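To start, the structure itself, in structure tokens.
No value in this document is a laboratory result; all are computed from the given coordinates. It should be emphasised that the depicted structure is a prediction, and the values quoted were computed from it without experimental measurement. Here the Cβ is made from the backbone with ideal geometry for all residues, glycine too, and neighbour counts use every protein chain on show.
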Amino acid sequence: MGQSLSGLTIKCVMMNDRAKKLYEEAVQKLKEANDELCRPEEDVVAQLVCNNAQNAILNYLKGFLVENGIETNSEDSIDKLYEQCKSINKHFEEVHLSGFDCNSHKDESRFCNESTKFSRCFDIADSLDTFMRREKIIR
């Protein structure tokens, strides 16, 4: 019994480390999206804002799932990850992903060229960050 408990402890530590890294990456990507938005409007690269915001959202959701013992893979859509998060913590319903056109893995949906689209991507990532801090999932 001691061996299986020790193995379980090591696995939990590894999952927590992986979740922590995913959260750190999410925070960094959100910062990069914000930094891009703070540039003069004519200099903003919409694709960077959208991609960084999308990566932040993916990493926040994956981090939460990993922290709760659920493995994810690179093929999982934002919608699928979000649904899994809601099944663990119903408060995730407070974060609205509506209007987020980047939540499928179609190549054309990954690029936001209109300012309303990339600012919506950023707003969703920012609201997810705020939610996770309020819920004390991240600090």
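Quick notes on this structure:
- Note that the stretch 125-139 has calculated 3J(HN,Hα) couplings of 4, 5, 5, 5, 4, 4, 4, 5, 6, 4, 7, 6, 6, 10, 10 Hz, one per residue in order, obtained from phi through the Karplus relation 6.51 cos²θ - 1.76 cosθ + 1.60 (θ = phi - 60°); glycine and proline are x.
- 9 Å beta-carbon shell around Glu67, net charge (K/R +1, D/E -1): +2
- Distance between the modelled labels on Cys38 and Lys80, one decimal in nanometres: 3.6 nm (7 Å Cα→Cβ projection).
- Over 19 Å (Cα to Cα) - which of Lys20/Lys62; Lys62/Lys136; Lys62/Lys86; Lys80/Lys136 fall in this group: Lys80/Lys136
- Difference of contour (0.36 nm per residue) and Cα-Cα distance, Ser87 to Ile70: 5.0 nm
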